[in-house]
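Participant: The structure's right below; bear with me while I get my questions together.
The values are calculated or read from the model by the stated rules, or taken from the named source; none is laboratory data. None of these values were measured; they are calculated from a predicted model. Every residue, glycine among them, receives a Cβ derived from its backbone with ideal geometry; neighbour counts consider all protein chains shown. Protein only, heavy atoms only, side chains kept; ligands, DNA and RNA dropped before computing areas. Shrake-Rupley method; radii C 1.70, N 1.55, O 1.52, S 1.80 Å.
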Amino acid sequence: MSETATVRRLLQRQILPVDSDVDVLPLYLDPDEATLDEDKYVVGGSRAAKELNNASIRQKTSSGRGVRPDQLLSRTAVQVPSGEKLSFGTYFNAFPASYWRRWTVVDAVRLDITVRGAGATVIVNKSMANGRQQKVDSTVVAAEGPTTLSFDLTLGPFVDGGWYWYDIVAGHGDVTVESAEWSAEVPADRAAHGTVDLAITTMNRPDFCAELLGQLGTAELAPYLDTVFVMEQGTQPVTGSEFFPAAQDALGDKLRVIEQGNLGGSGGYARGQLESVRKGTATYAMMMDDDVVCEPEGIIRAVTFGDLARRPTIVGGHMFSLFAKSRLHSFGEIVQPWRFWWMSPLDSYNDWDFGARNLRSARWLHKRVDVDFNGWFMCLIPRQVIEEIGLSLPLFIKWDDSEYGLRAKAAGYPTVTFPGAAVWHVPWSDKNDAVDWQAYFHLRNRFVAALLHSTYPRGGRMIRESINHQLAHLVSMQYSTAELRLMALEDVLAGPHALHGMLATRLGEVNAFRKQFTDAQLHADNADFPPIRREKPPRKGKDLTEVPSRKSQLITAGLAPIRHLKKPRRLSREHPEVEIRAMDAKWYRLASFDSAVVSMNDGASAALYVRDNERFKDLVKRTLAIHARYRREWDDLAQQYRAALGDITSPETWEKTFAPWTDGGADD
């Protein structure tokens, strides 16, 4: 059997923060000593015991020592003071061995570390899928000058999970870790790296977007970039930002700004995908939000991983909070098939703070997480995949990325959410998208995706859950949300070919429709509302922050709709009965009031909720009727949507949608 020619290729290099931001240091360097045995996966007993265990897993394990910014000498070099230990077992510098083992042609790696300083000890470690740490090798540096140490490491033991990383212990003098690189022998036909078109959809965030473009215009990233497409859909263009000239100079002719109407995220990304496919020169197209801060090395790593994947693979990055930069939103996302709802796997944790619990001390982070999709805040898609399965669905926002991941998976193209590739993004927890205008898109697009991809009769729990959520909004006096949800369901019944026609106009129609409802009329000043008064005091003096038991919630769920059929209390027509914080505005609290001032999640405004028993009756009647129709017509609808999928996601159909802006329109 003849040997296949191979070449050595760089997979990952040691990196340090671009701007020495102390908030992100825990993602790059870790001076803390923490054991791997503190977490417990299996906890018996009550729900309270399990919640207590989950809380303890998140507790801080830091020794209190930190890395000083003056220790960072360059993008790759860091100083370790005499007698101290520094670990590179961190999000950006540990090597995610299990992902390389599972998805790529790589079966062994070599770690080369260049160290300056005699007496330093270099320790290479690995972890198992259960988080147990094992020492692999160690070496003491003999020479004072630069010394490169090499370690050959197999990927064999990483079937289910695990990482490699290295620690440095300084001796009697300071030590400088100048660089570290992970490389592998790969087939010669994979020696050259691919290139990427970036597709950034923006609307009225000129400074944010321009600063992002500046982050992309680095020398290290330049060889990997083919074109940076900016789909400008707002009235405050990115070209007007004070930061744009510098970004334009850095990117040069690789930057292309395309102006079009507001077609939402899906319309913007579809335009980027179309331009990339039509141009045909880049290996990949990467979807990226405009309101992110980017780690440029993450793009290089995503391209490298995609180049070496066994089959064409969608490679996604992680999302950290822009406001608490060591907090990870999610380690991977799936679509739960019975509920048909996006979520993190049940054995993982959302909103994980690496500044409190490092990678080495949290067992759950060492399991490989397999996903169904990756959010398009940072997501690399091979051009081959786009050419075969089509462009984004015309959904405006919500579910475009998750549906695309499911569509690709069905065609044999997996998605990998790859550790070490990430952006910082405004956290979704600060938004109110379950009750505002976005509620329309949440429900409509979820039903469209389920009709296309659910493997259960009538979408599994979809219809039942939709009714439950609708009733929760109704007993919460969120009538605008309930109306938008009915509008969404009616639009799904209009069929797949109606989606393109609604893309440019539906948002304006939704917002205009909402204005008639008091629960959608936001006020920045609470003095705009009448003073709080109520006819009866709280029952037994119970506070709103008390969380009712599961039994109490079930009783409320059964009785609240009956109560809302009755006429509201007289005084509630003139005065709100209560003022409720956004965090406490749960359906089981709102259901007992006839009016309330409710604050929004962004903390900037509030709205008046007023119970209307006649409107409630009408909405309940219409809710039951349309869901009964879905039960009858699900199979026929699913067949319609699946038959039309290829057409409505084709470049030709999207070109017709873009025609108002491409047929003699603005295109810089």
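Participant: Out of the range 590-617, which residues are in contact with a Ser or Thr (Cβ under 6 Å, 6 or more places away or on another chain) and either open to solvent by 60 Å² or more (accessible area, probe 1.4 Å) or not in a loop (DSSP other than H, G, I, E, B) (or both)?
Facilitator: Matches in the range 590-617: 590, 595, 606, 608, 610.
Participant: For the range 222-280, how many residues are crowded, with 21+ Cβ neighbours inside 10 Å and among the small types (Gly, Ala, Ser)?
Facilitator: 9
Participant: Looking only at the range 52-66, decide whether some residue is in contact with a strand residue (DSSP E or B) (Cβ under 8 Å, 6 or more places away or on another chain), modelled with pLDDT of 70 or more, farther than 24 Å from residue 417 by Cα and surrounded by fewer than 21 Cβ atoms within 10 Å (Cβ to Cβ).
Facilitator: No, every residue in the range 52-66 fails to be in contact with a strand residue (DSSP E or B) (Cβ under 8 Å, 6 or more places away or on another chain), modelled with pLDDT of 70 or more, farther than 24 Å from residue 417 by Cα and surrounded by fewer than 21 Cβ atoms within 10 Å (Cβ to Cβ).
Participant: Also, quick follow-up: Can you find even one residue in the range 492-513 that is closer than 21 Å to residue 339 by Cβ and modelled with pLDDT of 95 or more?
Facilitator: yes
Participant: Another question, if that's okay. Could you tell me whether residue 413 is at pLDDT 95 or above and over 18 Å from the mean Cα position of the chain (by Cα)?
Facilitator: yes
Participant: Could you go through the range 86-99 and let me know if any residue there is assigned to a strand (DSSP E or B) and over 22 Å from residue 305 (Cα atoms).
Facilitator: Yes; the residues of the range 86-99 include at least one that is assigned to a strand (DSSP E or B) and over 22 Å from residue 305 (Cα atoms).
Participant: Can residue 109 be described as part of a strand (DSSP E or B), at pLDDT 95 or above, more than 28 Å from residue 187 (Cα to Cα) and open to solvent by less than 70 Å² (accessible area, probe 1.4 Å)?
Facilitator: Spelling it out, it is not the case that residue 109 is part of a strand (DSSP E or B), at pLDDT 95 or above, more than 28 Å from residue 187 (Cα to Cα) and open to solvent by less than 70 Å² (accessible area, probe 1.4 Å).
Participant: Return the only residue of 125, 93 being surrounded by fewer than 22 Cβ atoms within 10 Å (Cβ to Cβ) and under 27 Å from residue 317 (Cβ atoms).
Facilitator: None of the other options fit; the residue is 125.
Participant: Could you list, in sequence order, the residues of the range 543-589 that are more than 19 Å from residue 617 (Cβ to Cβ), in a helix (DSSP H, G or I) and either in contact with an Asp or Glu (Cβ under 6 Å, 6 or more places away or on another chain) or open to solvent by less than 70 Å² (accessible area, probe 1.4 Å) (or both)?
Facilitator: 552, 553, 556, 571, 582, 584, 588, 589
Participant: Conditions first: (1) open to solvent by 10 Å² or more (accessible area, probe 1.4 Å); (2) in a helix (DSSP H, G or I); (3) farther than 25 Å from residue 194 by Cβ. Residue 387 passes all but one, so which condition is the exception?
Facilitator: Of the numbered conditions (1) open to solvent by 10 Å² or more (accessible area, probe 1.4 Å); (2) in a helix (DSSP H, G or I); (3) farther than 25 Å from residue 194 by Cβ, the odd one out for residue 387 is (3).
Participant: Can you confirm whether the range 343-351 contains a residue that is buried (at least 19 other Cβ atoms within 10 Å of the Cβ) and among the aromatic types (Phe, Trp, Tyr)?
Facilitator: No, the range 343-351 contains no residue that is buried (at least 19 other Cβ atoms within 10 Å of the Cβ) and among the aromatic types (Phe, Trp, Tyr).
Participant: Kindly provide the set of residues from the range 352-366 that are open to solvent by 10 Å² or more (accessible area, probe 1.4 Å), in a loop (DSSP other than H, G, I, E, B) and charged (D, E, K, R), ordered by number.
Facilitator: none
Participant: Across the range 27-50, which residue is modelled with the highest pLDDT among those that are farther than 13 Å from residue 295 by Cα, open to solvent by less than 40 Å² (accessible area, probe 1.4 Å) and not hydrophobic (A, V, I, L, M, F, W, C)?
Facilitator: 30
Participant: Where in the range 121-215 are there strands (runs of 3 or more DSSP E), lying fully within it, with 1 or more residues that are small (Gly, Ala, Ser)?
Facilitator: 121-127, 133-140, 146-154, 175-187, 196-202
Participant: Name the residues in the range 398-431 that are in a loop (DSSP other than H, G, I, E, B) and surrounded by 18 or more Cβ atoms within 10 Å (Cβ to Cβ), would you?
Facilitator: 398, 399, 413, 414 - these are the residues of the range 398-431 that are in a loop (DSSP other than H, G, I, E, B) and surrounded by 18 or more Cβ atoms within 10 Å (Cβ to Cβ).
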